[in-house]
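What follows is a single structure, written as structure tokens, with notes after it.
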Amino acid sequence: MPARAPSDLDPAAVRRLLREQDGVVSRAQLVDLGASRADVRRMLARRELVEVHPRVYVCHTGPPSRRQLEWAAVLACAPAALHRESALDAHGMTQDRRGPARPSPVHVMVERDRRISVPQGVVVERVLGAERWVQQHRRPPRATFDFAVLKTASARDEAGAVALLSDAVHQGLTTADRLAATLADLPRLPHRALLATVLHDVASGTRSVLERRYLREVERAHALPRGDRQVREGTPAGSVHRDVHYPGQRTLVELDGAFGHRDAVDRWADLQRDLEASVDGRATLRPGWAQVLEPCRLAAVVGHVLRARGWSGSPQACGPTCALGVGGANSPS
């Protein structure tokens with residue numbers, strides 16, 4: 001029986017690459033390290049490597065981890081990078097969302113003119129000039145955070161876009177100005193005008209759809225004073241964030257975005273915050289969705305309170321059918 005030809009494969013280099021890539025490697029990478037077809041077949045036969053996607057392997061026989069699935073998707077579509085939700089997760093963003101019961105697909109981005117066979121469990125987006133938006137030095141490679149979050153937000157409704165962009169800014173992963181600059185380079189992004197408006201409001205401090213509606217449709221539309229947003233205060237019960245604070249009139253607006261019944265603990269917490277504000281001589285208004293969805297009527301109420309507490313201005317009608325024009329600028333009715 002003829003002796004097997006010596007292999008040029010460097011086992012130490014393979015082990016090092018597996019450590020760098022969370023235990024995932026492609027056939028092309030093994031060949032670059034000197035592996036022959038016989039070397040790859042032998043490692044597969046010995047179960048040292050197990051195929052995840054065609055010509056992409058993991059170094060154990062158990063279920064691949066989420067990070068290993070991300071690496072496998074990137075290597076199977078190489079050159080590629082994590083994109084959209086997969087990129088946001090890799091960047092460390094946490095989101096208040098409920099994922100599907102089944103595992104979510106891995107999103108990757110490739111150059112627009114690429115023709116590839118898409119592996120199972122992978123969603124591929126072809127992007128013109130993709131290399132501009134890729135961080136190749138990250139492990140695994142991924143879309144830049146700002147590009148990924150804008151692309152993800154563009155596929156959501158207004159509520160989802162506000163929540164996502166607000167999370168991104170308030171987690172310190174980007175800024176509204178940085179996102180706006182990136183958006184300027186994406187003239188064909190779906191819902192671009194909406195995202196530009198959302199970013200303007202995020203820069204003003206809004207953190208929820210309800211806050212954004214109050215800012216635009218109650219405060220701005222009716223020429224109320226500009227409130228301070230998300231003001232952090234220390235109280236005997238701990239630190240709290242005040243949604244909207246009108247310091248000149250010592251008035252707080254706490255926006256209650258809950259739908260349906262709220263449990264007793266939440267209600268007691270609201271009462272405690274209102275009590276602490278009243279001890280300091282501040283009035284607290286607590287409108288919910290039902291009130292914010294009638295912005296003209298709510299503007300009259302807020303304006304009435306602010307005038308009673310020293311504001312010299314008056315709320316203005318937002319248009320010919322505004323309730324302020326019917327009930328009077330100074331009347332909450």
- line: So, first residue closer than 23 Å to Gly310 by Cα and in contact (Cβ under 8 Å) with a residue 40 or more places away in the chain in the stretch 281-297, second residue of a type in the set (Val, Ile, Thr) and not in a helix (DSSP H, G or I), Cβ within less than 9 Å, six or more apart or across chains; the pairs are Pro287/Val253; Cys296/Thr321
query: Just wondering, is there one or more residues in the stretch 108-125 that are within 16 Å of the chain's Cα centre (by Cα) and touching a residue at least 24 places away in the same chain (Cβ under 8 Å)?
result: no
- prompt: Name the pairs whose Cβ atoms lie under 6 Å apart, with the first residue in the stretch 146-167 and acidic (Asp, Glu), the second modelled with pLDDT under 95 and not in a helix (DSSP H, G or I), and 6 or more positions between them or separate chains?
  reply: Asp146/Thr174; Asp167/Gln95
field: Residues satisfying the stated conditions in the stretch 154-175, i.e. at pLDDT 90 or above and in contact with a His (Cβ under 8 Å, 6 or more places away or on another chain)
entry: Ser154, Leu173
message: Which condition from (1) in the same structural domain as Arg286 (by TED's automatic domain parsing); (2) at pLDDT below 95 is the one that Pro187 breaks?
response: (1)
The one condition in (1) farther than 27 Å from Pro79 by Cα; (2) touching a strand residue (DSSP E or B) at 6+ places or on another chain (Cβ under 8 Å) that Ala143 fails to fulfil: (1)
- line: Expected single match for within 21 Å of Gln21 (Cβ to Cβ) and not in a loop (DSSP other than H, G, I, E, B) among Gln120, Gln68 is Gln68
- prompt: Can you tell me which residues in the stretch 202-220 are surrounded by fewer than 19 Cβ atoms within 10 Å (Cβ to Cβ) and touching a helix residue (DSSP H, G or I) at 6+ places or on another chain (Cβ under 9 Å)?
  reply: Ala203, Ser204, Ser208, Arg216, Glu217
- prompt: Residues of the stretch 142-154 being surrounded by fewer than 23 Cβ atoms within 10 Å (Cβ to Cβ) and out of contact with any Lys or Arg (no Cβ under 8 Å at 6 or more places or on another chain), which ones?
  reply: Thr144, Phe145
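The values are calculated or read from the model by the stated rules, or taken from the named source; none is laboratory data. Remember, predicted model here, so these are calculated numbers, not experimental data. All Cβ positions, even for glycine, are placed from backbone atoms using ideal geometry, and neighbour counts span all protein chains on display.
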